[in-house]
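Data first, discussion second: the structure below is written as structure tokens.
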Amino acid sequence: MLDAGPLAPTRLFSRVLSRFRPERNEILFGPVRGELLGSDQLAERAREVARQQRLATRVRGRGEAPLLARLTQTQDLLHDAHARLLAGANRDVDVGPAGEWLLDNFHVVQEHIQEVRQSLPRGYYRELPELAEGPLAGYPRIYELATTLITHSEARVDRGNLALFVGAFQSIAPLSIGELWAVPAMLRLALIESVRRMTLRTVRRLDQLEEADAWAERIAVASEEGAPTLSAELDAFVSSPPRLSAVFVSRFLHQLRLSRATHAPLAQIEEWLSDQGVYAEDAISRSTQRLALTQVIVAHTITSLRNIAHLDWRSFVEGQSAMEAVLRDDPAGTYPRMTFATRDRYRHVVERIARRTGREEEDVARSAVELAWMESRDGKPPALRSHVGYFLVDEGLPALEAATGYRPEPGEAARRWILQHPDPVFFGALSLGTVVALAALLWLAGGEARTAWLAVLAVGLLPAAHLAISVVNQLVTALLPPRTLPGLDLHGKQGIPAEFRTAVVVPVLFDSVEAVQEAIENLEVQFLANRKGNLHFAVLSDFTDAPDETTEGDEAIVAAAVEGVRALNGQYANSGEDAFYL
């Protein structure tokens, strides 16, 4: 009965764990704790990892994503472990400080697991360069970078040590833009792996505590029943002892000292443990130390997961990207001033060309910049061909592709041909669709109607054309999505530069003085929401329709409009420059 009680959850969780044993040793996923390194040592460790790594040349298979499979396994394990710890806490079992951290922050771990699934789809995962040798062979090299950082920082990750580590690594082996964007997902995977290991350690400690309590209870009961029963229990313990871990020994002896058992069995057990090389004081010290270390790592891991969620990954990736540094040497000086979405679009072009040609992204970006510099020296308009974007998303792209040896795929070549010949493709598709629809109509009409085919065609021409237009429009929308125009980022501190002075013009018809006042108030609201230099607001006004050229009240309307605009300029005048116009 004693075995079936406290030990039942242990057996249950053991069966649960058996379903999640990895095919490869746990060491493949990196230790959660190594030597704590300072800044200089951490940077040197990053450079050492970069020198030692060897990348695989084979292409990863379509179904191969071992880290994602491990993530699914970990999620199931953590779910069952959480239930196990919660059940122990509800029975007032000491789950330890680490167990309390895990119970309180289980939702945080679950959120980051979902974030990894969303940010690291299988297609993206398979594009990441993988290691050819070492304990993590077959896994992305950026994952080894993440685990190494966590190993030597006690799972404490922040913007400072991350930028230091990645920067030192790239001084030896530059990372692709795709790998840099994968850094947050890989850090999450490594930290979740740390949570997994500490969870297993916490649950095993709970198992050992319950096993120690069960043995102590058995010996205490046997002590009360008499010497023969006690002797039998002691023989059972000695002949087939449990695993004498530090946690088990310290808890077992503690419970015996507190139990109603006599002093004799405690002395015999301590003597037997000493013969086995196990000492109570040492077991207590190591158990306490392990408990504290587990708590520290769990606390650091959860805190790091929270930090990762709040880091500005856009600025991190752009700050670490070698390709980005090259593109910012844009002769026109326009690239750094563009929106993030535009810069990201430019980088995707560089990434695509580099992947297809086998070149480094930095080299492809440099080729685009060199072409732009050549145009700038030739005296061409600086705002057009001397901008690096002209060779990435505009008419200069063929020149860049020729310089890098890029050849578009058949689907891409077909799409380009369609965009270069829009009218023949569109009207040809309409004609073909109309003919197909009319042919289907004749076929459905049957043999008798075919004798009057001219009348059938005349009646069905407009419906067939309408159907063809609808189908072609749907195909165009699906196969040729709209392309976003490159844009400048004018939302920063600098605002709108003088060369891009802009006026927001509001057209309105005035039929009364009240309408003027409403328009002036609306203009003020627009100004207050966009208080930047070189941005002006104007009312483009007229009177409503009337049978005569002038009507009573026109002068009052004009006077109210003039006075309203003057009042706004007087209230918000900036360096003597008017912001409002009529």
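Give me D for the stretch 166-313 in µm² s⁻¹, whole number, from Stokes-Einstein with Rh from the Kirkwood sum over alpha-carbon pairs, 20 °C and 1.002 mPa s. Show your work: numbers first, answer last.
Details: Rh = 18.6 Å.
It diffuses with D of about 115 µm²/s by this estimate.
Could you give me D for the stretch 173-249, from Stokes-Einstein at 20 °C and 1.002 mPa s, where the hydrodynamic radius is the Kirkwood radius over C-alpha pairs? Units µm² s⁻¹, please. It would help to have the intermediate numbers written out before the result.
Values: Rh = 16.2 Å.
Approximately 132 µm²/s, per Stokes-Einstein.
In a Debye calculation with equal point scatterers on the alpha-carbon sites of the stretch 503-545 and no solvent, what is log10 I(q)/I(0) at q = 0.23 Å⁻¹?
-0.77
What base-10 log of the normalised intensity I(q)/I(0) is obtained for the stretch 37-192 from the Debye formula, alpha carbons as equal point scatterers, at q = 0.12, 0.14, 0.19, 0.21 Å⁻¹?
Values, matching the q order: -0.59, -0.77, -1.19, -1.33.
Counting only DSSP beta bridges with both residues in the chain, what percent are antiparallel, rounded to the nearest 5? Don't jump to the answer; show the numbers that get you there.
Values: 4 of 15 bridges.
Around 25 percent of the beta bridges assigned by DSSP in the chain are antiparallel ones.
Measuring from the lowest to the highest alpha carbon on each principal axis, how far does the stretch 237-305 reach, largest first, in angstroms?
50, 25, 20
On C-alpha positions alone, give me the angle between the axis of helix 361-377 and the longest principal axis of the chain, in degrees, nearest 10.
For helix 361-377, the angle is close to 30 degrees.
Rg and Dmax of the stretch 117-183, Cα atoms, in Å?
12.2, 32
Please determine, in degrees from 0 to 90 and to the nearest 10, the orientation of helix 340-357 with respect to the longest principal axis defined by the Cα atoms of the chain, where the helix direction is its Cα long axis.
Relative to the chain, helix 340-357 is tipped by roughly 70 degrees.
Quantify how much of the Cα-Cα distance distribution of the stretch 303-360 extends past 19 Å, in percent. Provide the component values of the computation, followed by the final result.
On the way: 639 of 1653 pairs.
In whole percent, the share of Cα-Cα pairs in the stretch 303-360 beyond 19 Å is 39.
In degrees from 0 to 90, rounded to the nearest 10, what is the angle of the helix 246-258 Cα long axis to the longest principal axis of the chain?
Its long axis makes an angle of about 50 degrees.
For the chain, what % of the accessible area comes from carbon and sulfur atoms, probe 1.4 Å?
Working: 17210 of 31450 Å².
With neighbouring chains kept in place, the figure for the chain is 55 percent.
Give the accessible surface of the stretch 426-578 per residue, rounded to a whole number of Å², with probe radius 1.4 Å and ligands, DNA and RNA excluded.
Value for the stretch 426-578: 71 Å² per residue.
Using protein chains only and a probe of 1.4 angstrom, how many square angstrom of Glu361 are accessible, to the nearest 10?
Looks like 30 Å² after rounding.
Considering just Cα atoms, how many Å³ per residue does the convex hull of the stretch 506-582 enclose? If you can, show how the numbers build up before the last one.
Values: hull volume 6.3 nm³, N = 77.
It comes to 81 Å³ per residue, whole-number rounded.
To the nearest whole percent, what portion of all C-alpha pairs in the chain is separated by more than 39 angstrom? Display every interim value, and only then the final one.
Values: 98299 of 169071 pairs.
Percent of Cα pairs beyond 39 Å in the chain: 58.
The values are calculated or read from the model by the stated rules, or taken from the named source; none is laboratory data. All figures in this text were calculated on a predicted structure; none of them were measured in a lab. The protein model used for the area step is the full one, side chains on, heavy atoms only, and it has no ligands, DNA or RNA in it. Shrake-Rupley method; radii C 1.70, N 1.55, O 1.52, S 1.80 Å.
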